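Okay, so here's the structure we're looking at.
The values are calculated or read from the model by the stated rules, or taken from the named source; none is laboratory data. The structure presented is a predicted model; accordingly, all values stated were derived computationally and were not measured. Note that each Cβ is placed from the backbone with ideal geometry, even for glycine, and that neighbours are counted across all protein chains shown.
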Amino acid sequence: MARGTAVFTVFYVALFACFLALYPDFVGRFYNTPNLLGWYLFGVPIEEVLFACSGSAVWSAIVNRPRLGSPLNRDSCPSTS
């Protein structure tokens, strides 16, 4: 779960930084900058980084939960012998 969260967060920051390279005034025009913490990672507001990190952590926990009755989960399948 932590590896998937880290990979998505790095991907998100890199994609956002590329977007900022194309539109450098995006954050200043469309974010309420007085309400931001003022911390930036490669121009990306830290709130966006935290959103990506927490969102991907929740998503990876939901996707990776064991599914009851799944053919891949052999412990939950009834025995045939």
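Scanning segment 55-68 for any residue that is basic (Lys, Arg) and modelled with pLDDT under 75 turns up at least one such residue.
Residues considered: Tyr23, Tyr31. Of these, the only one that is without any contact (Cβ under 8 Å) to a residue 40 or more places away in the chain, touching a strand residue (DSSP E or B) at 6+ places or on another chain (Cβ under 8 Å) and of a type outside the set (D, E, K, R) is Tyr31. Selection of segment 1-18 for residues being in a helix (DSSP H, G or I) and farther than 11 Å from Glu48 by Cβ yields Ala2, Arg3, Gly4, Thr5, Ala6, Val7, Phe8, Val10, Phe11, Ala14, Cys18.
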